[in-house]
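Here is the structure we will look at, set down as structure tokens.
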Amino acid sequence: MSEKELQKKKERKKLSLPIFIALAAVASISLTFFIKRLQEKPKVKPEADIIAAKVEKVPFNDPFSPLWEKVPSYSIPLTQQATVKPMKFTTPKDPLKVKAVHDGEWIAFLLEWNDTSPDIHTIKTKEFRDACAVLLTNYPAPPEAWFMGTKDYPATILHWKADWQMDIDEGFQDLEKAFPNLSIDMYPPMKEAIVRGKPPPTKDLPEEARAWMVGWKSGNPLSLPDKKSPVEKLIGIGPGSLTPLPTQDASGKGIWKVGVWRVVLSKKMKGSDSKEGEINLLSEKMYSVAFTLWSGHEGDRGSRKNPSMLKTLYIE
Amino acid sequence: MPKVYNWQIGREMNYWYEQNRPKRQASAVFDTNKCIACQTCTAACKTTWTSGKGQEYMYWNNVETKPWGSYPMGWDAKVLEALGPQRWVKKGERYIYEGKTIFEAAPTTERVLGYLPNDLDYAYPNRGEDETDQPLIQEKFYLRLPHDLWFFYLPRICNHCTYPACLASCPRMAIYKRNEDGIVLIDQERCRAYRECVQACPYKKVFYNHVTRISEKCVMCYPAVEKGIWPRCMRTCIGKIRMFGFLNTPDKADPENPLDFLVHIRKVALPLLPQLGLEPNIYYIPPIHVSNNRFLHMLFGPYALQALESYKKAMNGEDMELVGALLLNVSTDRIMTKFKVLEGKEVVGYTENGHEAVRIPIKEPTIVRPFFDEGLKVYRHNIT
């Protein structure tokens, strides 16, 4: 071995110690951070059945917004309603497709399902509408909260109705829509006979004539000819307790195209009726959620429906 | 399901809720023998309650001709057919219904056995009036009816049942029976238009309003009843077939109460289709001229012939107290809770406060005047 080589070997030996020390220090710091990290609560997204993706602006009235294509779709199976009479034992073949987004102020759900025959009227005695609903309650909700909430876990329900959508899109679907050949002499207290037997539009009936339209007079939301939104915001604390909330600020829109209903249902994340039990939704929190479909041509209404089981919803 | 006692079928039966009879029960007796189907009651109700847009097809009060008439079409035949065998068994003096009620015969998924009528079923409210179900038969010299020569008119309103099927079927509990008078009402604010009540009511006396899109029914003119006044359909009856008041259960029957007297004491008035199990509170005096006893048995239950016997006694002048009670029909528009027949000459009806509401002679006095009027020097055409 030459002198030069010996010299290099000595230099390497001199260098290896500080490198070793430096490496040991880095390793110990990393280990400390790693242990500390293990002790901290994890900041990863919890496992949820549905994640409401954060977006810049919620497309709350547009079921065909391109934004919906950018968020994940969840397949939610629907079940029979065999708990409360009257029941429904049949179930739809296909699961419900659900997407959810929020922008910090509004949260919106897109529900999509196959339906070859849209049922958009409830004028005749045997006509029932297509409808869908989103039930929201605090997490973790007890199983019984699935039945329209409980006293401790009130359910905020967004209920979209196809007939209300028609009332908004095409104007109030009046009596003449179902009975085009209708002829009437008069409606009291109108003093004059109705010209050519054709009744005036319901909206134009004088105030006095509304005395016979008790649903309208008493303010039942189903009876009001002037609908503001196709989505009704309700509160439930158990079967049969469904009650419209005083501030009807839920929004949405449903469109039926080539055998598919696409419906957006949206609400403000901060509940405007939180005193009445409406849910307040916060980012990075988990909630319990359920979805329900009513198929008009199958005679669905009320408890004759196909609900999903209670699912988890995480808001990004 | 809880068990409740239904005296009309003589046994306990299943019902959706626990037994909860009101403090008193608004009730009425309709004498089918006097009804002429003038539809004054129908018009009185129509102009009062169902003149609005969306209510055009509704008749909370209707009068149909039996056996062929019905509104909505075939309501009775459809319900009875769905119910299956309806057997009554006599035990001692009483009949016990051994068939199923509409609550007991309900399918697994339902609360009540029922059906939803089609719109066309409501389209012919007068179909069957004085008609046959088949064409007349051409004999050699005359036309012959294809069935027995009898029919009668059946005025119908909501029965404000003790065990209402509409109330049992509503999943929202939007229908309630008032404790003060037993009147059954739909809360127009709570109704969500499920139409379970329309489907469940076997008498089809709950209607869907096409414009307000919720359900409506007879309110027994409760604003009037609260003031001690008869409902409109009752007080306008020109045939004087109706008697309105409050009915007790048989064990608490008061012989001085005109309703109790007719229903429980003389047993002359019977419920409509008691086998359905609703304990309806409108009672009917069966028609005396119907030769088909089985039809009466089906419609009014097994006591139909007994009721007719009782009624015939009054018609023959053998039961003046019953004559007196029947004379109170539409004699006043004030609700009477007591009545008395005074020395077989007069019947007096009293209001709840004990005030005399009406006094009627049992036999109308007849004055015969001379054929020739001496004062005017003319002959009279009518001397009585």
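The values are calculated or read from the model by the stated rules, or taken from the named source; none is laboratory data. For clarity, every value in this text was computed on a predicted model and none was experimentally measured. A quick note on method: Cβ atoms are made from the backbone with ideal geometry, for glycine too, and the neighbour counts reach across all protein chains shown. Areas reflect the complete protein model, heavy atoms only, side chains present, ligands, DNA and RNA absent. Shrake-Rupley method; radii C 1.70, N 1.55, O 1.52, S 1.80 Å.
Can you name the helices of chain B, as whole DSSP H runs, whose Cα span along the helix axis is 15 Å or more and whose Kyte-Doolittle mean is not below -1.0?
Values: long enough: B:304-315 (16 Å, -0.17).
Result, helices passing both filters: B:304-315.
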In segment B:178-195, which residues become less accessible by 20 Å² or more once every protein chain is in place, relative to the chain on its own, using a 1.4 Å probe?
-> B:Gln188, B:Glu189, B:Arg190, B:Arg192, B:Tyr194, B:Arg195
Compute the accessible area of each residue in segment B:70-118 twice, once for its chain alone and once with every protein chain present, using a 1.4 Å probe on heavy atoms, and list those whose area falls by at least 10 Å².
-> B:Thr108, B:Thr109, B:Glu110, B:Arg111, B:Leu116, B:Pro117, B:Asn118
The protein assembly as shown - accessible surface per residue (Å², probe 1.4 Å) | 48
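Which trypsin sites (Lys or Arg not before Pro) in segment B:129-235 sit in a loop by DSSP (not H, G, I, E or B) and have at most 14 other Cβ atoms within 10 Å of their own Cβ?
Answer in residue order: B:Lys140, B:Lys227.
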Cut-off 20 Å, label 7 Å out along Cα→Cβ of A:Glu170, residues of segment B:47-88 by amide N | B:54
Computed label-point distance, nm, for sites A:Thr116 and B:Lys363 using a 7 Å Cα→Cβ extension = 7.8
May I ask for the distance between the Cα centers of segment B:176-207 and segment A:160-187, given as a whole number of Å?
-> 24
Descending accessible area (1.4 Å probe), largest on the left, turns B:Tyr194, A:Tyr287 into B:Tyr194, A:Tyr287
Compute the label zone of A:Phe179 within segment B:58-80: residues whose backbone N is under 11 Å from the point 7 Å along Cα-to-Cβ.
-> B:58-59
Evaluate the charge dipole of the protein assembly as shown about its Cα centre and quote only its size in Debye, nearest 20, assuming +1 on the Cβ of each Lys and Arg and -1 on the Cβ of each Asp and Glu.
-> 2140
So the carbon and sulfur contribution to the accessible area of the protein assembly as shown, 1.4 Å probe, in percent, is 55
Would you list which aspartates and glutamates come within 20 Å of B:Lys100, measuring only between C-alpha atoms, while excluding same-chain residues fewer than 8 positions from it?
-> B:Glu12, B:Glu18, B:Asp76, B:Glu81, B:Glu110, B:Glu279
Loop trypsin sites (Lys or Arg not before Pro), segment A:210-243 (other Cβ atoms within 10 Å of the site Cβ: 15 or fewer; DSSP) | A:Lys228
Note the angle between two axes, namely the Cα long axis of helix A:3-39 and the longest principal axis of the Cα atoms of chain A, as a number of degrees from 0 to 90, rounded to the nearest 10.
-> 30
With the solvent-accessible surface defined on protein heavy atoms using a 1.4 Å probe, which residues belonging to segment A:197-227 display a reduction of at least 50 Å² in accessible area in the multichain context relative to the isolated chain?
-> A:Trp212, A:Met213, A:Asn220, A:Leu222
FRET efficiency, 1/(1 + (r/R0)^6) with R0 41 Å, evaluated for A:Lys54 and B:Glu189 via beta carbons = 0.55
Okay, helix-only estimate at 222 nm for chain A: each DSSP H run of n ≥ 4 adds -39500 (n - 2.57), divide by all residues, round to 500 deg cm²/dmol; what do you get?
-> -5500 deg cm²/dmol
Taking a threshold of 29 Å on the Cα-Cα distance, which of the pairs A:Lys85/A:Lys270; A:Lys228/A:Lys275; A:Lys198/B:Lys78; A:Lys257/B:Lys53; A:Lys54/A:Lys257; A:Lys70/A:Lys311 fall above it?
-> A:Lys85/A:Lys270; A:Lys198/B:Lys78; A:Lys257/B:Lys53
By accessible area with a 1.4 Å probe, ligands and nucleic acids excluded, highest first: order of B:Asp187, B:Asp31 | B:Asp187, B:Asp31
Once accessible area is computed for A alone, B alone and the pair with a 1.4 Å probe, the total buried surface, to the nearest 100 Å², works out to 3800
Those trypsin sites (Lys or Arg not before Pro) from segment A:98-175 that are DSSP loop and have at most 10 other Cβ neighbours within 10 Å turn out to be A:Lys151
